[in-house]
Amino acid sequence: MISMETKHEICSPFVRRRNSLRKTCAEIVSEARQSLRVQSTQRPFTPRDGHRQLFGRNSVRANRDSRPPSTFSLHTQNFDASDSRPGSGSRLSPLDHKPKFPVTCDSDNPFKSFPKPPTDPLEARRGLSGSRARLLKAGSLNKLLPLESYTEVKKRGPGQQQQSASRVFSKDHTTVHSGPLKAGPRRAASESKLVQPGVDSGARATDSRAEQKTELGFKDNDRCTKEDSESLVLNDMIAPCLHELEMVAAVPGSSKDSVDHLCELCDRLHATLAEANMLGRHCKGRSGILRALFRLIDLKSAQLNLHIAKLCLDLCVSGNNLLNICKLIFQISRSDSNDILFENNSVIDSLLGVLNNEEVNTSGEALLYCVGTFKFISGNAAVLKQLLDKSFIGVAQKLIQKLCVVEDTNFTVAGHILVQLTATLRNLADHPDSRPLFVSLSILPALCLVLHHHCEDQDICTNISRIYSKLSSYSECRLALAQTPDCYPLFLELLNKHHQKQDLVVRFLFTLGNLTAKSDEPRQQLFQCSSCVDTLLRLYSSYQRRDVPPCGASAAPPISAQEADDVLVKLVRVLANMCIHPTVGPSLATNPTCIQLLIETLELRCVQESEELLVNVAATINNLSFYNADNSEIKHNQLAIAKSMLKLVLSNSMDAMLEATRVYGNLSQYKDVRDFIMQNKVHQFVVTLLDSKSPEMCFSACGVLTNLALDPPNRISLALEGAFAKLVDCLRDFGPEDWQLAGQACQAVWNLTGGVSEKRLDTQQQEALLEILTTYLEEDAPKWMENEDARGFHFACWELEFLPVAQKLKKALQCPDPLTV
């Protein structure tokens, strides 16, 4: 790596100071000001999608018919009456034997000889000890009997009340015991053992229950006490609540008051179950409760349905019911007017539980609608803050890990889920409190892993590009991303693969521009990636917006001129930042394709329509002109570049004028460029820039005048334009605040007045300049700064940038002989 001393000698277009001392911080800052500059630009704007859909209007998913719908209708009959999967989540193995029938089957009608079940289900309990009980099968909800009136139950005797409660809350138990009921552990329907006809079912059932109690470690009294306690809660608290729910819902034309009452009842039911520790799959009357809740869905109240969904999720519904509940919540979240409901309901906690506990292979579609809900409600600022407080980012990180290892058969579903999840994370990235979490939970590297697995999915890649473009603007996130292995080749691969998707390309380019803005290491790592420069230049050529693309160039994507310019702004910024590195810069400066594309952009665009792009191109050329080797393409095309800069200098854009003046300051080292400037009257405009109130503009103008004054014929023309008087005014106005500018103005005066032996300076101007120099050369001059922290820096600038040239100029002015170089 070249030293800073050598770097300064290469880049400085002005008269160099001999016997320079070792570089200080002031000189390093001065060199950065004179030559290489990091470019900045605005982050690409991402408008909110006003239509809440799983996949927005800009989605590029190939087959729209095969993806899950955003709109659907849900009714009571869509839900399963019996949600009887075992609580452990394990699946039961099928029976490995064939049943033996005790009667002979009729060949014409094999079911003719089967005995018919009793009309009343309670008759099965009153039958003989060896009789078979009918296995009840859960039917659709529209065939279910209504809940028995609680008032009718109260009119019966104690024994009858107990039988009625059993009829209401034991419908999820499909095994009906013969003979008198015995206390013992109850099984869900799918766990019940089918008893063979002709076998003493009573004795075997008793033995089986005894063995189970031994295995689980329960005592008879403990089990009885637990079941009695649940029965009391069910009969005394749950049954009245369900009955009241049914009665209120049965009133035609539900009003807001009735909806509020139903919501209160659901909350009371939830609190009762929670207090009795009866939430989950092991609740004794779970199926009866679910039946009652499912019937309320047809009321189509978003507020009520959210309470129902919360209670159903906490009762651990599964399978089709879980999917439908997630669809129900998703349906509610599609309207932004319902966001307030999520703020006032703890259903978010239940949804996070679904993301934590459910597997993609078994509940993929339910997870899809669950995450889709989070995508919608995270657009609300209040809900978004809740998601952060409830550790949504941590849940998302675990879900990403599960989604990256799914089986091939569920890869498409995982992709659908990731579209929703990455869109949600993009919304969260807007909140400042989320940034430490993105870093500490390693979300940024995890998203790179997602890109590796789903590099073909443009929706996922675009969402992640939005996250990166947002977070890479902040130092802690930028550092975490820069330290992610292989992120640079991954981004380049995606730029190659999706080069025609403008919104993806512009954001990955913006991210690369952020990564290369602050450190030399990312610049070198990006440059050393295979085909880095080729990829960037191909993109450049593709978005150049020519009428006819050159041979070998890819066709331009069908986008607007503004979108194409936005891509080039970000791309040119990457080039400008990369070439600051001492290894990358010379390589790009000698690349003919790169330089020709930059010159071509200057020729094809006008400042009025493409101001930011032309400013960035000029800044990149200025950075590349830092490296003035013999094989530099900047040097070979110096006149073409100088000609292209005219439109920027003569424009109404101050930024364009400033960058063009900087380019002229570097290129005016060459005699051909100085002649071009004088012939095209550019020097008149440069002298006028000294009246600017911008120190940067005056500094750049002083640099151009310093180089132009190297040629004796030019000094007279500059003097006639009043350059000397304007330089003195510039020194007076900016000297105490900017000693670098003061030193450059003195150098320009020195060159401008040198060699004019036939004409002395105006006495009044000379006295004014001497007075300024005398005042500025006093030792207490740098101490005029009010800011004590900046005094040390300004003193270094005064001592190294201003003092040597000012002393030499003052001595020459006091000499009786004419000023000579």
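Side notes on the structure shown:
- Residues with amide H under 5 Å from that of Asn591, placed H, sequence gap 5 or more: Glu633
- Cα lying deepest toward the dipole's positive end in region 401-516, options Asn496, Ser475, Val413, charges on Cβ: Ser475
- In terms of its C-alpha gyration tensor, region 322-397 has an oblate overall shape, because the principal axis ratio a/c (a ≥ b ≥ c, square roots of the eigenvalues) is not below 1.5 and a/b does not outweigh b/c.
- Burial ordering of Tyr776, Tyr468, fewest other beta-carbon atoms within 10 Å first: Tyr776, Tyr468
- Trypsin sites (Lys or Arg not before Pro) within region 639-723: DSSP coil, no more than 12 neighbouring Cβ in 10 Å: Lys681, Lys693
- Look at Val317, Val805 and count the other Cβ atoms within 10 Å of each Cβ; fewest to most, that gives Val805, Val317.
- Given charges at beta-carbon only (K, R positive; D, E negative), |dipole| of region 550-638 in Debye: 280 debye
- Each Lys and Arg contributes +1 and each Asp and Glu -1, all at the Cβ; summed about the Cα centre of region 612-727, the dipole is approximately 240 debye.
- Exposure proxy for Lys375, Lys497: other Cβ atoms within 10 Å of each Cβ, ordered fewest to most, give Lys497, Lys375.
- Annotation: peptides 304-311, 797-804, 484-491, ranked by per-residue average of other Cβ atoms within 10 Å with the highest first, follow the order 304-311, 797-804, 484-491.
- Positive dipole terminus of region 535-688, leading residue within Asn666, Ala618, Met578 (C-beta point charges): Asn666
- Whole-Hz Karplus values for region 261-273 come out as 5, 4, 5, 5, 5, 5, 5, 5, 5, 5, 5, 5, 5 Hz, taken residue by residue from phi with 6.51 cos²θ - 1.76 cosθ + 1.60 and θ = phi - 60°; glycine and proline positions read x.
- Under 14 Å, Cβ to Cβ, from Leu428 - net charge with Lys/Arg +1 and Asp/Glu -1: +4
- Nitroxide proxy distance, nm - points 7 Å out along Cα→Cβ at Gln684 and Glu343: 6.4 nm
- Hz values of 3J(HN,Hα) by residue in region 441-452 - Karplus curve (6.51, -1.76, 1.60), Gly and Pro given as x: 8, 6, 5, 4, x, 5, 5, 5, 5, 4, 4, 4
- Length available on full extension from Leu639 to Asp433: 0.36 nm per residue minus the Cα-Cα distance, which gives 69.0 nm.
- Which listed pairs, of Lys518/Lys570; Lys327/Lys375; Lys671/Lys810; Lys284/Lys390, have C-alpha distances above 24 Å, in listed order: Lys671/Lys810; Lys284/Lys390
- Residues whose amide H lies under 5 Å from that of Asp80, counting only those 5 or more places away or on a different chain, are Asn321; hydrogens are built 1.01 Å from N in the peptide plane.
- Here the Karplus curve 6.51 cos²θ - 1.76 cosθ + 1.60, taken at θ = phi - 60°, turns the phi angles of region 417-422 into couplings of 5, 5, 4, 5, 5, 5 Hz, with x standing for Gly and Pro.
- Amide H partners (placed H, <5 Å) of Leu315, local residues excluded: Gly280
- Shape category assigned to region 364-446 from the gyration tensor of Cα positions, a/c cut at 1.5: oblate
Where a number appears in this text, it was derived from the coordinates with a stated rule and is not lab data. Given the structure is predicted, the values throughout are model-derived calculations rather than measurements. Neighbour counts are summed over all protein chains in view; Cβ atoms, including those assigned to glycine, are modelled from backbone coordinates with ideal geometry.
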